[in-house]
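S.K.: Take a look at this one; I'll ask things after.
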Amino acid sequence: MNIFDDIKLQYRMGGIANKMIYWNVGLFLLSIVLFYKFKSGVFEYPNWLAVASEPTIVLTRPWTLLTYAFFHYGFLHLFFNMMVLNFTSRLFLTFFTQKQYLGLYLLSAVFAAICFVLSFYFLHQSSMMVGASAAIMALLVATTAYQPLMEIRLLLIGNVKLWHITAVILLLDLLQIQMNNTGGHIAHLSGAFFGYIYIKLLQSGTDLSKIVDSVLNVFSKKQKTPFKKVHVNPKKPALKRDSKIVVKDKTQQQIDEILDKISKSGYDSLTSEEKEFLFKAGK
């Protein structure tokens, strides 16, 4: 199995957090070819990808309220965002589902973009914005609001409470909001606010991620797997059918064991045989 097969396997089996990182990195690499100006050394994103602060532009390009959250202004911007995204994703998925993760990521990105547009409109400023920071902040604050006393071990520091980490990050955003990157800090704080509201609504019985799930179901062309609708009557002596079911159960059991190993020790802990088995099963 070559490196490309290995990457495809990790994408298929890695879960929603891995997919988000892959999308961000992949689109960044593509944006280098399309939007990086080598003479000036900066990215120049068009207003049909980056979210603009002018409401008239956003009204004609509403998809930019979401697309901006998958592009970055430079390697360091991408690197630090993906480092924090990996950290916050692990925390969030400890308590919540992948559908809730996707719903919060997308909805918080849209909410933060709207706050950015409105705030710059009233401040009479003009700018454009890209970056996943707002969605990342939503994931972090949502997890903190749900489990504030969770202990996190930090290198050279030791164990600290999760709410301590979140409080420091939010304080830095507040202190720097008028210094530089005002739009970015507004988006960060807006994403954080949405993450907090999301958890409070979830605890009261309202799951906002179902909005995203419903929309995706409308546009999705995939049909439900037939296995959920198959009912086998154990009284019928259908030996061939039973033997097939046994094979599927053993295969699924082996897949579950490998996925459990990945969740505990990471993908790199798999043997080459286990990786090959997952790759064939993914097909």
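The values are calculated or read from the model by the stated rules, or taken from the named source; none is laboratory data. Here the structure is a predicted model, which means the values were calculated and not measured. Heads up, the Cβs are rebuilt from the backbone with ideal geometry, glycines too, and the neighbour counts pull from every protein chain shown.
S.K.: From the list ASN86, ASN159, which one is in contact with a Lys or Arg (Cβ under 7 Å, 6 or more places away or on another chain) and either outside any helix (DSSP H, G or I) or on the phi < 0 side of the Ramachandran plot (or both)?
M.R.: ASN159
S.K.: Quick one: would you say LEU66 is of a type outside the set (Gly, Ala, Ser), assigned by TED's automatic domain parsing to the domain that holds PHE122 and more than 17 Å from ILE32 (Cα to Cα)?
M.R.: yes
S.K.: What do you reckon, is ILE157 surrounded by 12 or more Cβ atoms within 10 Å (Cβ to Cβ) and either at pLDDT below 90 or among the aliphatic types (A, V, I, L, M) (or both)? It would help to see each step written out before you state the result.
M.R.: Details: surrounded by 12 or more Cβ atoms within 10 Å (Cβ to Cβ): no; either at pLDDT below 90 or among the aliphatic types (A, V, I, L, M) (or both): yes.
Here the answer is no, as ILE157 does not meet what is asked.
S.K.: Further question: Conditions: (1) within 24 Å of LEU59 (Cβ to Cβ); (2) in contact (Cβ under 8 Å) with a residue 60 or more places away in the chain; (3) in contact with a helix residue (DSSP H, G or I) (Cβ under 6 Å, 6 or more places away or on another chain). GLY131 meets all but one. Number of the miss?
M.R.: Condition not satisfied by GLY131: (3).
S.K.: For segment 1-41, give me each residue that is modelled with pLDDT of 75 or more, exposed (fewer than 12 other Cβ atoms within 10 Å of the Cβ) and not in a helix (DSSP H, G or I).
M.R.: Within segment 1-41, LYS37, PHE38, LYS39, SER40, GLY41 qualify.
S.K.: Just to be sure I understand, how many residues within segment 85-103 are among the aromatic types (Phe, Trp, Tyr), crowded, with 18+ Cβ neighbours inside 10 Å and under 13 Å from ILE21 (Cβ atoms)?
M.R.: Total meeting the criteria: 1.
S.K.: May I pose another question? With the structure loaded, tell me whether ALA113 is assigned by TED's automatic domain parsing to the domain that holds ILE211 and over 30 Å from THR206 (Cα atoms) or whether it fails that test.
M.R.: No.
S.K.: Further question: Looking at (1) touching a residue at least 40 places away in the same chain (Cβ under 8 Å); (2) crowded, with 17+ Cβ neighbours inside 10 Å, which is the only condition LEU170 fails?
M.R.: Of the numbered conditions (1) touching a residue at least 40 places away in the same chain (Cβ under 8 Å); (2) crowded, with 17+ Cβ neighbours inside 10 Å, the odd one out for LEU170 is (1).
S.K.: Then there's this: So is LEU201 more than 30 Å from GLN125 (Cβ to Cβ) and at pLDDT 85 or above or not?
M.R.: Taking the combined requirement at face value, the residue satisfies it.
S.K.: While we're on this one: Free of Cβ contacts under 8 Å to residues at least 12 places away in the same chain and either out of contact with any helix residue (DSSP H, G or I) (no Cβ under 9 Å at 6 or more places or on another chain) or closer than 29 Å to VAL215 by Cβ (or both) - does that describe any residue in segment 139-155?
M.R.: In the first step, residues of segment 139-155 are kept if they are free of Cβ contacts under 8 Å to residues at least 12 places away in the same chain; the result is 151, 153-155.
Subset that is either out of contact with any helix residue (DSSP H, G or I) (no Cβ under 9 Å at 6 or more places or on another chain) or closer than 29 Å to VAL215 by Cβ (or both): 153, 155.
Scanning segment 139-155, I find at least one residue that is free of Cβ contacts under 8 Å to residues at least 12 places away in the same chain and either out of contact with any helix residue (DSSP H, G or I) (no Cβ under 9 Å at 6 or more places or on another chain) or closer than 29 Å to VAL215 by Cβ (or both), so the answer is yes.
S.K.: Could you grab the pairs with beta carbons closer than 8 Å, sequence gap of 6+ or different chains, first residue in segment 174-188 and without any contact (Cβ under 8 Å) to a residue 12 or more places away in the chain, second one of a type outside the set (A, V, I, L, M)?
M.R.: GLN176/HIS185
S.K.: Next up: What about ASN180, is it polar (S, T, N, Q), on the phi < 0 side of the Ramachandran plot and not in a loop (DSSP other than H, G, I, E, B)? So that I can check it myself, show each step before the final result.
M.R.: Details: polar (S, T, N, Q): yes; on the phi < 0 side of the Ramachandran plot: yes; not in a loop (DSSP other than H, G, I, E, B): no.
Taking the combined requirement at face value, the residue does not satisfy it.
S.K.: Separate question: I'm told PHE80 meets every condition in (1) crowded, with 20+ Cβ neighbours inside 10 Å; (2) among the aromatic types (Phe, Trp, Tyr); (3) under 15 Å from the mean Cα position of the chain (by Cα) except one. Can you identify the failing condition by its number?
M.R.: With (1) crowded, with 20+ Cβ neighbours inside 10 Å; (2) among the aromatic types (Phe, Trp, Tyr); (3) under 15 Å from the mean Cα position of the chain (by Cα) applied to PHE80, the lone miss is (1).
S.K.: Sticking with this one: Would a scan of segment 56-63 turn up a residue that is under 13 Å from the mean Cα position of the chain (by Cα), assigned to a helix (DSSP H, G or I) and loosely packed, with under 15 Cβ neighbours inside 10 Å?
M.R.: No: segment 56-63 contains no residue that is under 13 Å from the mean Cα position of the chain (by Cα), assigned to a helix (DSSP H, G or I) and loosely packed, with under 15 Cβ neighbours inside 10 Å.
S.K.: Considering every residue within segment 120-135, establish whether at least one is touching an Asp or Glu at 6+ places or on another chain (Cβ under 8 Å), small (Gly, Ala, Ser) and assigned by TED's automatic domain parsing to the domain that holds ALA17.
M.R.: yes
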